[in-house]
Ligand code: SAM
């Protein structure tokens, strides 16, 4: 069997190589994998972390994804949409504190009132930062015309997860009518509109194997995305998948490890992209996000949503930081970065190196 060093040295990893890495469970071998991915990150991007201030602008959603805590059918969720002046105040704080970029995320809506709300927010953020603030949108599946409209209004990046490259698993976790093909069509639209394109998957879904995850990594590589934001699946009470993993507490450590292995594998196959260490990692262990950095991630997203709204945006059980202020979220992450022996880049947008190279 090829040694791990032999796999790391390959110019192009095959599905079976990735499946082998994703199935590792020996602590020494896992350390080898994380160290190899970390070395690639440091070589390409340095020991530098860029922050994105995450604003969860609305939890209204027209979709009914079976895993998600803000799905349309989740009746006990109190719905909110943050007024424009409050979103802009949060974005102004991000800009003044030198975080460099914001991410606007929400449930999915395609009505004109919402499209125009986002467009006005983009204009407002451009004005308050003299077009200096980097803006990522994570607002789900939209038409190409909408993506173009928001790009013209000032958005730079868009994150739309494919969730899983396995169409059968995709079908099992979504209602009929949603499919992988339309996600892929959206990602192609986003590319045509000139965005830095990001995607990602949920890791550790019911029925998902190491081979499936290896396929996810290869699909993201084939899509040649500029950014990846992925995280472990964590069941959410009162959703159809609430009990889908059995005793989840018994699986927390393994689920975290799987998330870290995925970060490492993505870094090995896509050395110069931006990879976020997601909040879901921190939900599984207090040091989850710094472990993500040491496995190859280079982006952290402090939540800067006003604490008044955070309870309404619980995608999964045990989401951390519900009572934290923006400053506390930012300071906690900055401390995690320092513990990982890295530094936060201030007053920089931190655009994807992959994207910049493609444009060169
Ligand atoms: N509506 C937009 C969309 O669908 O792209 C953005 C918001 S959506 C809540 C963002 C992501 O949350 C999804 O792509 C999904 O991967 C993740 N998510 C939802 N429920 C989750 C859960 N129970 N565990 C982990 N991640 C979850």
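Which three numbers, in whole Å and largest first, are the semi-axes of the equivalent ellipsoid of segment 36-359 derived from its Cα gyration tensor as √(5λ)?
25, 24, 21
Between segment 70-113 and segment 320-357, what is the C-alpha centre distance in whole Å?
If we compute the Cα centre of each part, the gap is 19 Å.
Got a sec? How would 357, 20 order by Cβ neighbour count within 10 Å, fewest to most?
357, 20
Can you sort 351, 306 so the residue with the fewest Cβ neighbours within 10 Å comes first?
Fewest-to-most ranking of 351, 306: 306, 351.
Can you sort 174, 50 from fewest to most other Cβ atoms within 10 Å of each residue's own Cβ?
Ordered from fewest to most neighbouring Cβ atoms within 10 Å, 174, 50 come out as 174, 50.
Report the Rg/Rh value for segment 206-329, based on alpha-carbon coordinates and the Kirkwood definition of Rh.
With Rh from the inverse mean 1/r over Cα pairs, Rg/Rh is 0.97.
How big is the antiparallel share of DSSP beta bridges in the chain, given as a percent to the nearest 5?
5 percent
Once every DSSP H run of n ≥ 4 in the chain is given -39500 (n - 2.57) and the sum is divided by its residues, what mean residue ellipticity at 222 nm do you get, rounded to the nearest 500 deg cm²/dmol?
-13500 deg cm²/dmol
Please list the radius of gyration and Dmax for segment 112-258, considering alpha-carbon atoms only, with Å as the unit.
Cα-based Rg and Dmax for segment 112-258 come out at 17.2, 50 Å.
Post the alpha-carbon centroid distance, segment 174-226 to segment 251-286, in whole angstrom.
16 Å
Roughly how many Å is it from the Cα centre of segment 136-153 to that of segment 4-30, as a whole number?
After rounding, the separation between the Cα centres reads 37 Å.
No value in this document is a laboratory result; all are computed from the given coordinates. For clarity, every value in this text was computed on a predicted model and none was experimentally measured. Note that we place each Cβ from the backbone using ideal geometry, even for glycine, and neighbour counts take in every protein chain shown.
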